[in-house]
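Just below is one structure, and these are the notes that go with it.
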Amino acid sequence: MSSKKRILATVSWYPSKDNPISGTFFKEQCGLLSREYDITVLKLNPCTTLWIKYILRRIRGRDISIDVISDADSLHEYEGVIYRPLFYALINNFYSRLMIKKNAVACIGSLDTKADRRFWKRHIDRAAERLPKEEYDLVFGMSAQGTAQYARLFAHKYGVPYILSEHSPFPIPGTSMCDTFKEAMEEADAFLAISNDKIRQVLMQNVHLKSIEYIGNVIDTDRFRVDPAPHDVTTFLIVAAHSFYKNYDMFVDTMNELTRIADKPFKVIIAGYGANKGYSQGVDEFVKQISESLFADKAEMIPSVSREEIAALYNRADAFVMTSIQEGQPVAPLEAASCGLPIFSTRCGGVEDYADDKVGRIVGILDHKALAEHLNDFLNGKISFDSSYIHKVIEERYGGKAFTENFSRIVERVTGSHNE
């Protein structure tokens, strides 16, 4: 039996056959941690169904399913489904509307009924019994908004501590916090923040955490290294899904402005805008927008890039551009910087933690003219960057060694105090 500590990681995103891009960094992070820990990954999907269908599934024992994705020595990957009767959701909705109006609670937008709480406790207990290992040292909820309640219930079932992290905007646009989610956040033994801005986002929701630990994202700096591909024209790269908060409108405005003011030639690579199914939207309209832009003849469009090809794509460029409204600790610019690219970005969150004047330039959220001017200065050689230095910054702060050491320090503290 392995002497490694056993961690159950509940994840909200994970690659699937239908969407191999979604959650790839969760998979890579779990793979890295499996060098030090025995990791069981569970991607748990709630599924609402009609009461009669739920009863039929319940009778046959098919209201819960746990299926193997893959199984290695220290990394065991599972996907599960828990079916929930539709009327629970309807009752919760009615109850929330009534109680929120009656007793307003700061930053709480929905409430869960006692019946729904009992439902999830009972079904998470049953799901735990279907996992092959029934003893863990820690539960890790990766991206709390999709996993905090599950992580809390699994931890109660196993009698172990749990920690949470968050990668999405907080709260996710168009949603609000519910009371059980807030309780799960506040009961967690530690919250792993991927950026200083993420700490601000969380605390702005009136959440009082036991412990907040800055840990950042993890980047494979051996894989993402400085290895530039030969090319004749200065190339700017953006890698982002087509979502409103990635703010491609500002990117188009920036590149149109750069086209107006630039004396030297340049190229633009736009990648990943059609990769994430269900997340990237309005792709056809976006492609048309680029075709009608001032820089249409300079643009190379790549809807999707595999994880195997992404490092080579970064190394085809000279600088990375990001125009987001809001981020947590965006992975793409970290990977690009690890490949030595300077980062030209809006002040969107996370990127400010490392992108000083030696690593890139940061502008106001909507200041496309300032961004274009910085890019033009780069084109003209008025500003320059040391690729080796940029890679070193990422390696020292977000490389596998730094991340694992920070994570292990937190795990040892949490599990040690729990056993005292």
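The values are calculated or read from the model by the stated rules, or taken from the named source; none is laboratory data. Remember, predicted model here, so these are calculated numbers, not experimental data. Don't worry about glycine lacking a Cβ; one is built from the backbone with ideal geometry, like all the others, and counts go over all protein chains shown.
Scanning the range 39-53 for residues that are free of Cβ contacts under 8 Å to residues at least 40 places away in the same chain and surrounded by 20 or more Cβ atoms within 10 Å (Cβ to Cβ), which turns out farthest from the chain's Cα centre (by Cα)? Quick ask: steps written out before the conclusion?
If we filter the range 39-53 for residues that are free of Cβ contacts under 8 Å to residues at least 40 places away in the same chain, which is where we start, we get 39, 41, 43, 45-47, 49-53.
Remaining after also requiring surrounded by 20 or more Cβ atoms within 10 Å (Cβ to Cβ): 39, 41, 43.
Numbers: 39: 19, 41: 16, 43: 14 Å.
Among those that are free of Cβ contacts under 8 Å to residues at least 40 places away in the same chain and surrounded by 20 or more Cβ atoms within 10 Å (Cβ to Cβ), it is 39.
Any chance you could count how many residues in the range 195-237 are within 28 Å of residue 275 (Cα to Cα), among the aliphatic types (A, V, I, L, M) and touching a helix residue (DSSP H, G or I) at 6+ places or on another chain (Cβ under 6 Å)?
4
Just to verify a result, which residue in the range 379-400, among those that are under 20 Å from the mean Cα position of the chain (by Cα) and in a helix (DSSP H, G or I), is farthest from residue 234 (Cα to Cα)? It would help to see each step written out before you state the result.
Just the residues of the range 379-400 that are under 20 Å from the mean Cα position of the chain (by Cα), to begin with: 394-395, 397-400.
From what is left, the residues that are in a helix (DSSP H, G or I) are 394-395, 397-398, 400.
Details: 394: 23, 395: 25, 397: 28, 398: 27, 400: 31 Å.
That would be 400.
Of all residues in the range 304-320, how many are farther than 15 Å from residue 390 by Cα and either among the aliphatic types (A, V, I, L, M) or touching a Leu at 6+ places or on another chain (Cβ under 8 Å) (or both)? Let's see the steps before the verdict.
If we filter the range 304-320 for residues that are farther than 15 Å from residue 390 by Cα, which is where we start, we get 304-313, 316.
Add one more test, that the residue is either among the aliphatic types (A, V, I, L, M) or touching a Leu at 6+ places or on another chain (Cβ under 8 Å) (or both), and what stays is 305, 310-313, 316.
The qualifying residues number 6.
What is the residue count in the range 344-378 for residues that are surrounded by 20 or more Cβ atoms within 10 Å (Cβ to Cβ) and either in a helix (DSSP H, G or I) or out of contact with any Lys or Arg (no Cβ under 9 Å at 6 or more places or on another chain) (or both)? Spell out how you get there, then give the answer.
Going residue by residue through the range 344-378, those that are surrounded by 20 or more Cβ atoms within 10 Å (Cβ to Cβ) are 344-346, 348-351, 354-355, 359-363, 368, 371-372, 374-375, 378.
Next, only the ones that are either in a helix (DSSP H, G or I) or out of contact with any Lys or Arg (no Cβ under 9 Å at 6 or more places or on another chain) (or both) stay: 346, 348, 351, 359-361, 368, 371-372, 374-375, 378.
Residues that pass the stated criteria total 12.
Can you tell me which residue among 290, 269 is of a type in the set (Val, Ile, Thr), touching a residue at least 24 places away in the same chain (Cβ under 8 Å) and part of a strand (DSSP E or B)?
Details: 290 fails: part of a strand (DSSP E or B).
Only one candidate qualifies: 269.
Test residue 233 against the stated conditions and say whether it is out of contact with any Ser or Thr (no Cβ under 7 Å at 6 or more places or on another chain), crowded, with 18+ Cβ neighbours inside 10 Å, under 29 Å from residue 269 (Cα atoms) and at pLDDT 95 or above. Walk me through how you get there before you give the answer.
Details: out of contact with any Ser or Thr (no Cβ under 7 Å at 6 or more places or on another chain): yes; crowded, with 18+ Cβ neighbours inside 10 Å: no; under 29 Å from residue 269 (Cα atoms): yes; at pLDDT 95 or above: yes.
No; evaluated as a whole, the condition is false for this residue.
Each row is one residue, and each column tells you yes or no for (1) more than 22 Å from residue 335 (Cβ to Cβ); (2) free of Cβ contacts under 8 Å to residues at least 60 places away in the same chain.
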{"site": "191", "(1), (2)": "yes, yes"}
{"site": "194", "(1), (2)": "no, no"}
{"site": "201", "(1), (2)": "yes, no"}
{"site": "212", "(1), (2)": "yes, yes"}
{"site": "221", "(1), (2)": "no, no"}
{"site": "224", "(1), (2)": "no, no"}
{"site": "234", "(1), (2)": "no, no"}
{"site": "239", "(1), (2)": "no, no"}
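With the requirement that a residue be of a type outside the set (A, V, I, L, M) and either exposed (fewer than 12 other Cβ atoms within 10 Å of the Cβ) or touching a helix residue (DSSP H, G or I) at 6+ places or on another chain (Cβ under 6 Å) (or both), what does the range 106-115 give you?
Restricting attention to the range 106-115, the residues satisfying the condition of being of a type outside the set (A, V, I, L, M) are 107, 109-110, 112-114.
Answer for the range 106-115, where residues must be of a type outside the set (A, V, I, L, M) and either exposed (fewer than 12 other Cβ atoms within 10 Å of the Cβ) or touching a helix residue (DSSP H, G or I) at 6+ places or on another chain (Cβ under 6 Å) (or both): 110, 112, 113, 114.
Results for (1) under 12 Å from residue 321 (Cβ atoms); (2) of a type in the set (Asp, Glu), shown as yes or no for each residue.
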position	(1), (2)
215	no, no
221	no, no
226	no, no
230	no, no
233	no, no
244	no, no
249	no, yes
258	yes, no
262	no, no
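Going residue by residue through the range 243-261, is there one that turns out to be among the hydrophobic types (A, V, I, L, M, F, W, C) and either assigned by TED's automatic domain parsing to the domain that holds residue 165 or within 23 Å of residue 195 (Cα to Cα) (or both)? Break it down into steps so the answer makes sense when it comes.
Restricting attention to the range 243-261, the residues satisfying the condition of being among the hydrophobic types (A, V, I, L, M, F, W, C) are 244, 250-252, 255, 258, 261.
Subsequent filtering for residues that are either assigned by TED's automatic domain parsing to the domain that holds residue 165 or within 23 Å of residue 195 (Cα to Cα) (or both) retains 244.
Yes: the range 243-261 contains one or more residues that are among the hydrophobic types (A, V, I, L, M, F, W, C) and either assigned by TED's automatic domain parsing to the domain that holds residue 165 or within 23 Å of residue 195 (Cα to Cα) (or both).
Can you tell me which residue is nearest to residue 304 (Cα to Cα) among those in the range 249-274 that are of a type outside the set (D, E, K, R) and surrounded by fewer than 17 Cβ atoms within 10 Å (Cβ to Cβ)? Give the derivation first.
Looking only at the range 249-274, we keep the residues that are of a type outside the set (D, E, K, R), and these are 250-252, 254-256, 258-259, 261-262, 265-266, 268-274.
Restricting the remaining residues to those that are surrounded by fewer than 17 Cβ atoms within 10 Å (Cβ to Cβ) gives 256, 261, 265.
Working: 256: 23, 261: 30, 265: 26 Å.
Per the stated criteria, the residue is 256.
Suppose we filter 118, 152 for residues that are buried (at least 18 other Cβ atoms within 10 Å of the Cβ), among the basic types (Lys, Arg) and in the same structural domain as residue 68 (by TED's automatic domain parsing); which single one remains? Explain how you work it out, then say what you get.
Numbers: 118 fails: buried (at least 18 other Cβ atoms within 10 Å of the Cβ).
The unique qualifying residue is 152.
What do you reckon, is residue 380 touching a residue at least 60 places away in the same chain (Cβ under 8 Å) and in contact with a helix residue (DSSP H, G or I) (Cβ under 6 Å, 6 or more places away or on another chain)? Let's see the steps before the verdict.
Details: touching a residue at least 60 places away in the same chain (Cβ under 8 Å): yes; in contact with a helix residue (DSSP H, G or I) (Cβ under 6 Å, 6 or more places away or on another chain): no.
No, not satisfied.
With respect to residue 71, determine if the residue is more than 22 Å from the chain's Cα centre (by Cα) and closer than 28 Å to residue 414 by Cβ.
Working: more than 22 Å from the chain's Cα centre (by Cα): yes; closer than 28 Å to residue 414 by Cβ: yes.
Here the answer is yes, as residue 71 does meet what is asked.
Where in the range 67-174 are the strands (runs of 3 or more DSSP E), entirely inside, with at least 2 residues that are over 18 Å from residue 6 (Cβ atoms) and among the charged types (D, E, K, R)? Reasoning before the result, please.
Values: elements: 75-85, 138-142, 162-166.
By residue number, 75-85.
Do we find a residue being touching a residue at least 12 places away in the same chain (Cβ under 8 Å) and in a strand (DSSP E or B) anywhere in the range 15-26? Explain how you work it out, then say what you get.
Of the range 15-26, the ones touching a residue at least 12 places away in the same chain (Cβ under 8 Å) are 15-16, 18-26.
Then drop every residue that is not in a strand (DSSP E or B), which leaves none.
The answer is no, given that none of the residues of the range 15-26 is touching a residue at least 12 places away in the same chain (Cβ under 8 Å) and in a strand (DSSP E or B).
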